[in-house]
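Heads up: the structure comes next, in structure tokens.
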Amino acid sequence: MSGNTFGTLFKLATFGESHGPAIGGVIDGCPSGIQLDLNAIQLDLNRRKPGQSAIVTQRKEPDEVTIFSGIFEGKTTGTPIGFAIHNTNQKSKDYSHIKDYYRPSHADYVYDEKYGIRDYRGGGRSSARETASRVVAGAIAKQFLAPMSINAYVSAVGKLSLDTHPSEVDLSYVEENPVRCPDIKMAAAMESLIKQIRKEGDTIGGVVTCIIKNVPVGLGEPAFDKLHAELGKAMLSINAVKGFEYGSGFLGTQMKGSEHNDLFNSDGTTQTNRSGGIQGGVSNGMDIYFNVAFKPVATIMQNQQTINSKGEQVSMQGKGRHDPCVVPRAVPIVEAMAALVLADFSLRKRTNKI
Ligand SMILES: Cc1cc2nc3c(=O)[nH]c(=O)nc-3n(C[C@H](O)[C@H](O)[C@H](O)COP(=O)(O)O)c2cc1C
């Protein structure tokens, strides 16, 4: 299996399966001398971890990270940062029913066909447990990037959608409710909806919006490695992601150029920001904002028709502890992947001009 490494200069390789002894990663290319707040890494992991509220999977994992290398006396040394998170709450028996059955719209069938062998316990490598490693690396990248700030929040659950522009959202409320929606009333409605969906044994999708502030001009490498192209790849590499749009996105198609153009101020900033902080694949110094769409995840606690490994039609029902809606836990994952992209481009920018 290739494709487990992300980045060009600031690189992350991840390893591990959901029900193996541990998951983890190696960050290769992190510059030396960054004073790290290790608690901030754990805080981001806590925002992603299962069992954190009544509206996420009830798997109880402490998700404590152990760092093996690359940090000395609280600072990065420039050598590879190796880390692991031990898996402590596996209930592999919950997954014996999918050993020979393929969950519709999960990765079971394609893994079997592609590799001829599959660790079905907890979804193995296809489990979003892998994203905990991304959160560790992203938390380190965020500290390298300061004072740039990267904040994500839930802007939609099913058809409940916040229509406030990202630049007008009060981010202070995001971590105050289990949904991670910055609007108090909307957060309560979303929470009830997720609880209802869970009762029905079903799942529901949603949207995570991310806003990045204090971005310098010049991040992104035309032509193939445009900033929005790399952000798109980063987001689309997160489990269950179905869509990515930045700036005016798909709605921009309904405007005329005369309405859509961002007019300049004399200092190079723009009066509006429909470009979403990126022009020609390069950051222009304005805030970057984008939306990431997550599907209703595959494992539902209802009977569904599927096939087994012999191609026979069978009926199956999900078992075990699953997320009825993944967007509350996806918020720190989106931030982490954005941080990895920006950290990489910040290093690459240093090769641009003398
Ligand atoms: C934070 C998070 C939690 C997830 N939890 C579950 C889950 O409990 N059950 C499930 O079937 N899928 C879950 N998923 C999604 C699967 O990992 C994903 O759908 C699967 O790997 C197939 O990949 P695809 O949906 O990207 O095609 C989760 C995704 C994320 C981001």
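Only the coordinates and a few stated rules stand behind these numbers; no lab work does. This structure is a prediction, so every number in the text was calculated from the model and none was measured. Cβ: placed from backbone, ideal geometry, glycine included. Neighbour counts: every protein chain shown.
What is the magnitude of the charge dipole of the stretch 225-280 about its Cα centre, with +1 placed on the Cβ of each Lys and Arg, -1 on the Cβ of each Asp and Glu, and no other charges, expressed in debye to the nearest 20?
Using only the charged Cβ atoms, the result is roughly 220 debye.
If I model a spin label as a point 7 Å beyond the Cα along the Cα-Cβ vector, how far apart are those points for K226 and H86 in nm?
Going by the 7 Å Cα→Cβ label model, 4.7 nm.
Give me the number: length gained by fully extending Q254 to K353, i.e. 0.36 nm times residue separation minus the C-alpha to C-alpha distance, one decimal in nm.
31.8 nm
So how do 178-184, 252-258 stack up, highest first, on mean other-Cβ count within 10 Å?
178-184, 252-258
List the residues of the stretch 193-215 whose backbone N lies under 14 Å from a point placed 7 Å from the Cα of D287 along the Cα-to-Cβ direction.
209-215
Need the C-alpha centroid separation for the stretch 19-80 versus the stretch 105-156, integer Å.
Value for the Cα centre distance between the two parts: 13 Å.
At 7 Å along Cα-to-Cβ for each site, give me the label-to-label distance between D202 and K60 in nm.
3.1
For I140, I212, what ranking results if the residue with the fewest other Cβ atoms within 10 Å of its Cβ goes first?
The most exposed by this proxy come first: I212, I140.
How would you rank L193, L12, going from fewest to most other Cβ atoms within 10 Å of each one's own Cβ?
In increasing order of surrounding Cβ atoms, one gets L193, L12.
Could you tell me which of P296, I307, S266 has its Cα farthest along the dipole of the stretch 259-346 towards the positive end, charges placed at Cβ (Lys, Arg +1; Asp, Glu -1), taken about the Cα centre?
I307
Using the beta-carbon distance between M301 and D267 and R0 = 56 Å, what value does 1/(1 + (r/R0)^6) give for FRET efficiency, to the nearest 0.05?
According to the calculation, E is roughly 0.50.
Based on Cβ point charges of +1 for Lys and Arg and -1 for Asp and Glu, what charge dipole magnitude is obtained for the stretch 5-349 about its Cα centre, in debye rounded to the nearest 20?
The dipole magnitude comes to about 920 debye.
Could you work out which residue, out of Y246, Y115, Y153, moves most in a Gaussian network model of the chain, that is, has the largest mean-square fluctuation with Cα springs under 10 Å?
In this elastic network of the chain, the residue with the biggest mean-square fluctuation among Y246, Y115, Y153 is Y115.
For E176 paired with K195, estimate the spin-label separation in nm (one decimal), with each label point 7 Å from Cα along the Cα-to-Cβ line.
For the pair E176/K195, the computed spacing is 1.9 nm.
Would you please put 47-56, 130-139, 161-170 in order of how densely packed they are, using the mean number of other Cβ atoms within 10 angstrom per residue and starting with the highest?
130-139, 47-56, 161-170
Could you give each residue of the stretch 52-66 its phi-based ³J(HN,Hα) in whole Hz, using Karplus coefficients 6.51, -1.76, 1.60 with θ = phi - 60°, and x for Gly or Pro?
Along the stretch 52-66, the couplings run 7, 7, 6, 9, 10, 3, 8, 4, 9, 10, x, 6, 8, 8, 10 Hz.
Counting Lys and Arg as +1 and Asp and Glu as -1, what is the net charge of the other residues whose Cβ lies under 13 Å from the Cβ of L231?
Net of charged neighbours comes to -4.
Would you work out the relative contact order for the stretch 233-338, in percent, from Cα pairs under 8 angstrom that are 6 or more residues apart?
Here the relative contact order equals 26 percent.
Could you order peptides 222-235, 294-307 by the average number of other Cβ atoms within 10 Å of their residues, highest first?
222-235, 294-307
So how far, in whole Å, is the C-alpha centre of the stretch 318-344 from the one of the stretch 234-264?
20
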